[in-house]
């Protein structure tokens, strides 16, 4: 399945799965201000760029490389925050050092060469960091479900349009088989369901709601624990062996999370925070 088609299907599924839970409190189609509506589009556009670059980059690089490089957004989040006037919390730099070290230890078996795929994933990490910062800005203005459904829908639509354009113009990457839509869907139905319901509808939406009370830098460090759960999942579900190196990386990531959580708390926003889903 082409990466853009995969993204379109999973984000569309994530948006549709949330629609039954959208109530009048979410004010889904009642924009407050035109400027904020543009920021909703911008949030979906940033998500589209980040997800597209990451998935396309994985055509030329391995999952281990992509996992480590994507995790580098933990460094970019506080750097972008400096332009927003955010002062790094005490010990946050130490937590970032632990996080990067942990990611490196877990994914060290994958060689990091200067490949085109690694470059695309690195650029995507910058957009993932921008996405975390944008969420921090918009969660004070909009209910979580409204943000979630809008950004997923925008990302799905843009992914679908770009996939159709590349398909019509016959400029698909040579790595991707030229399969029909129905054949691709049959072959990738399980990853699409998991990506749409588990990753998008549940995980991304919980991130949106949680960032109402968690600052961007510690939030990005906590999100790096996905590498630890991937490690444990491989051990429990795929019978993969756990090396001392990998366990050391997991320990470093847990240390980074503890340091960030106990050293930084989100400052009270001057704007009223909407706790509604």
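For this structure, a couple of remarks:
- Test: residue 223 is surrounded by 19 or more Cβ atoms within 10 Å (Cβ to Cβ), within 23 Å of residue 126 (Cα to Cα) and more than 16 Å from the chain's Cα centre (by Cα): no
- Residues of the stretch 241-254 that turn out to be surrounded by 14 or more Cβ atoms within 10 Å (Cβ to Cβ) and assigned to a loop (DSSP other than H, G, I, E, B), as a count: 1
- Which numbered condition residue 228 fails, given (1) farther than 29 Å from residue 40 by Cα; (2) touching a helix residue (DSSP H, G or I) at 6+ places or on another chain (Cβ under 6 Å); (3) modelled with pLDDT of 90 or more: (3)
- Flag: residue 253 matches the condition of being modelled with pLDDT of 80 or more and closer than 20 Å to residue 73 by Cβ.
- Considering the stretch 112-133, and only residues there that are at pLDDT below 80 and over 12 Å from residue 67 (Cα atoms), the residue that is surrounded by the most Cβ atoms within 10 Å (Cβ to Cβ) turns out to be 115.
- Filtering the stretch 166-180 to residues that are modelled with pLDDT under 75 and surrounded by 12 or more Cβ atoms within 10 Å (Cβ to Cβ) leaves 172, 175, 176, 179.
The values are calculated or read from the model by the stated rules, or taken from the named source; none is laboratory data. Because the structure is predicted, anything quoted here is derived from the model rather than measured. Backbone-built Cβ (ideal geometry, glycine too); neighbour counts: all protein chains shown.
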